[in-house]
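Each reported figure results from applying straightforward, stated rules to the coordinates on display, with no laboratory input. Remember, predicted model here, so these are calculated numbers, not experimental data. A quick note on method: Cβ atoms are made from the backbone with ideal geometry, for glycine too, and the neighbour counts reach across all protein chains shown.
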């Protein structure tokens, strides 16, 4: 079974704080993704990575950065959290050549 | 702009009925299609994928693909209250670096009432 884990289920941070969200997958998948999901807006892609140290911007990268130093781990960084970044953050992974994505449990982030 | 459209619902069906969820997509070059189920407060879970025109059955679920009309459907037979969830449709488009990024619809909420 593919397993994708995320570092926290719930997180509360203050405006201006630097926030790290971590995602780990144990199936040797090349591709990893970060999405945010908001009511009425669906899933929106923030960043993705198709290999170690490789990253590409998704649809809404502003205010976020990512890091992928190891194949199994993909981190999302909010350099200076703002209230409009309050959301559910979902990590996913997939094999190269496959669009079947496997999602982690999600992190519900609240920025106050 | 590549888009996947779904009716947000909610679609309400009685227990035991067939639930029909529909999805249309804008890009004729789309290769493959996916259905995810997402329970409230949980993450999406892949339940079906389909690549070829026609029907694909898996237990109570049937995915239908019509590439000429650019629509995908998910039928759930003998619907149960436990099927109540949001169903996300996704279509695959190619991307750089050899990765494949699906485009997701916003989901249809399904309510199965006893």
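Between residue A:27 and residue B:51, the simple label model (points 7 Å from Cα in the Cβ direction) yields a spacing of 1.6 nm.
Quote the relative contact order of chain A in percent (integer), defining contacts as alpha-carbon pairs under 8 Å separated by 6+ residues.
Once divided by the residue count of chain A, the mean separation gives 36 percent.
Compared with the direct C-alpha span, the chain from residue B:67 to residue B:5 gains 20.8 nm at full extension, assuming 0.36 nm per residue.
Gap in Å between the Cα centre of region B:1-80 and the Cα centre of region A:1-71? If you average the Cα positions of each part, the centres end up 26 Å apart.
Take the Cα of residue B:26, step 7 Å toward its Cβ, do the same at residue A:108, and the gap between the two points is 3.2 nm. Taken over the Cα atoms of chain A, the convex hull encloses 94 Å³ per residue. Residues considered: B:43, B:12, B:84. Largest GNM mean-square fluctuation over chain B, using C-alpha springs under 10 Å, is found at B:43.
Value of Rg to Rh for chain B, rounded to two decimals, is 0.97; Kirkwood radius and Rg both from alpha-carbon coordinates.
Relative contact order of chain B, taken over Cα pairs closer than 8 Å and 6 or more residues apart, is 37 percent.
Translational diffusion coefficient of region B:9-71 (Stokes-Einstein, Kirkwood radius from Cα pairs, 4 °C, 1.567 mPa s): 97 µm²/s. Placing a pseudo-label 7 Å from each Cα along the Cα-to-Cβ vector at residue A:59 and residue A:44 gives an inter-label distance of 0.8 nm.
Stokes-Einstein diffusion for the protein assembly as shown, with the hydrodynamic radius set to the Kirkwood value over Cα pairs and evaluated at 10 °C in a medium of 1.306 mPa s, equals 88 µm²/s.
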